[in-house]
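The values are calculated or read from the model by the stated rules, or taken from the named source; none is laboratory data. In this text, all values refer to a predicted model and were calculated from it rather than measured experimentally. As a convention, Cβ positions derive from the backbone with ideal geometry for all residues, glycine included, and neighbour counts pool all protein chains shown.
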Ligand SMILES: Cc1cc2nc3c(=O)[nH]c(=O)nc-3n(C[C@H](O)[C@H](O)[C@H](O)COP(=O)(O)O)c2cc1C
């Protein structure tokens with residue numbers, strides 16, 4: 001396999017740095033209004049936001065969403081800082097696409113993160129469509145092993161591939177192939193989009209393949225269509241046309257709600273504070289992912305990432321207090337806390 005994956009990651013990061021509009025500021029969560037308890041009958045200090053995910057205890061339901069990996073000092077720094085911060089704060093972390101390990105073996109070091117995060121949840125990542133382009137079970141196993149991962153994400157990004165100049169766009173039979181790998185891998189498989197959302201039909205298809213974990217990664221935050229626009233030099237504006245395509249994350253959560261007896265949901269895509277996280281849990285998310293808000297701090301230091309995570313935790317606990325919910329079980333799927341959805 002030859003591909004430009006290693007350089008592309010740096011181009012993506014630079015596009016995000018240069019263009020603040022790659023974050024679409026959809027503010028979809030602002031349309032959900034929650035109640036307020038003037039008599040919460042709780043002490044702020046007794047709120048317990050901890051939760052279990054993949055058999056491990058997290059201090060609150062945050063996932064550092066998939067971002068990087070590769071043979072570059074910058075991405076090694078980003079991943080190391082994210083892993084140190086995730087371990088210190090006891091939150092989950094997923095790595096960016098590991099395909100680059102197989103085209104640039106030196107990239108493996110950027111994914112060997114267990115030494116920095118010995119106890120918390122770490123999740124690997126490969127592109128689902130790559131199973132139609134030479135990727136197989138052995139490579140998925142290698143991706144899990146290098147990270148000593150608790151699970152493996154398959155990211156599904158048909159929009160990104162379709163607007164990318166060199167995109168891999170043959171998605172035929174991918175659900176079957178992921179199901180086949182999932183049955184043999186030995187760790188759970190999760191499906192994710194990258195910012196356009198998983199639909200109810202996608203979840204039904206995933207469930208029929210034995211997959212139980214779905215990261216909706218809806219629209220409203222990072223737009224991969226807009227990022228890819230910056231990598232096109234052929235005069236096409238297709239990436240801009242589709243920059244807001246997709247299911248906004250709160251809507252994707254609502255569409256996925258009928259599957260909650262069989263599916264575990266992760267909310268991501270446009271979550272920007274602890275209040276968005278609380279709303280996601282109310283709508284049925286077991287975990288809440290953020291990517292872009294952690295990118296700049298991760299370029300700086302582990303401490304800068306920890307500061308953002310601590311802010312998010314403080315906001316999450318404050319919202320729980322004001323809703324009169326002492327723990328995650330009082331919050332999860334408790335739609336009575338919503339007073340209005342606009
Ligand atoms: C710099 C950057 C790189 C990303 N790389 C990947 C990737 O390699 N694999 C993947 O599944 N998602 C990737 N994503 C998508 C995120 O995991 C997430 O699904 C999406 O950005 C929505 O979250 P956000 O709005 O909080 O950024 C990346 C996001 C960013 C910001």
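Any idea which residue in region 1-35 is farthest from the ligand (Cβ to nearest atom), counting only those that are in a loop (DSSP other than H, G, I, E, B) and touching a strand residue (DSSP E or B) at 6+ places or on another chain (Cβ under 9 Å)?
Within region 1-35, the match that is farthest from the ligand (Cβ to nearest atom) is 35.
Has region 314-323 got any residue that is modelled with pLDDT of 95 or more, loosely packed, with under 15 Cβ neighbours inside 10 Å and under 18 Å from residue 60 (Cβ atoms)?
Within region 314-323, one or more residues are modelled with pLDDT of 95 or more, loosely packed, with under 15 Cβ neighbours inside 10 Å and under 18 Å from residue 60 (Cβ atoms).
Hey, does region 229-244 have a residue that's within 17 Å of residue 129 (Cβ to Cβ), in contact with a strand residue (DSSP E or B) (Cβ under 9 Å, 6 or more places away or on another chain) and outside any helix (DSSP H, G or I)?
no
Here's the yes/no breakdown for (1) without any contact (Cβ under 8 Å) to a residue 12 or more places away in the chain; (2) within 14 Å of the ligand (Cβ to nearest atom); (3) within 16 Å of residue 75 (Cβ to Cβ):
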residue	(1), (2), (3)
90	no, no, no
104	no, no, yes
109	no, no, yes
116	no, no, yes
123	no, yes, no
126	no, yes, no
138	yes, no, no
141	no, no, no
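Inside region 273-290, can you point out the residues that are closer than 19 Å to residue 336 by Cα and in a strand (DSSP E or B)?
Scanning region 273-290 gives 285, 286.
May I ask you to list the residues in region 206-222 that are assigned to a helix (DSSP H, G or I) and surrounded by 24 or more Cβ atoms within 10 Å (Cβ to Cβ)?
If the condition is that a residue be assigned to a helix (DSSP H, G or I) and surrounded by 24 or more Cβ atoms within 10 Å (Cβ to Cβ), then 206 is the only one that fits.
When you look at residue 295, is it touching a strand residue (DSSP E or B) at 6+ places or on another chain (Cβ under 6 Å), within 14 Å of the ligand (Cβ to nearest atom) and under 28 Å from residue 80 (Cα atoms), yes or no?
no
Does residue 100 meet the test of being under 26 Å from residue 267 (Cβ atoms) and within 13 Å of the ligand (Cβ to nearest atom)?
Spelling it out, it is not the case that residue 100 is under 26 Å from residue 267 (Cβ atoms) and within 13 Å of the ligand (Cβ to nearest atom).
Being within 15 Å of the ligand (Cβ to nearest atom) and either more than 19 Å from the chain's Cα centre (by Cα) or farther than 24 Å from residue 13 by Cβ (or both) is the filter; apply it to region 184-205 and report the residue that is surrounded by the fewest Cβ atoms within 10 Å (Cβ to Cβ).
202
Is there a residue being more than 16 Å from residue 192 (Cα to Cα), crowded, with 23+ Cβ neighbours inside 10 Å and more than 16 Å from the ligand (Cβ to nearest atom) anywhere in region 248-270?
No, region 248-270 has no match at all.
Which of the residues spanning region 59-88 are under 16 Å from the mean Cα position of the chain (by Cα) and away from the ligand (no atom under 16 Å from the Cβ)?
60
What are the residues in region 163-178 that are part of a helix (DSSP H, G or I) and either modelled with pLDDT under 95 or surrounded by fewer than 17 Cβ atoms within 10 Å (Cβ to Cβ) (or both), if any?
176 - this is the single residue of region 163-178 that is part of a helix (DSSP H, G or I) and either modelled with pLDDT under 95 or surrounded by fewer than 17 Cβ atoms within 10 Å (Cβ to Cβ) (or both).
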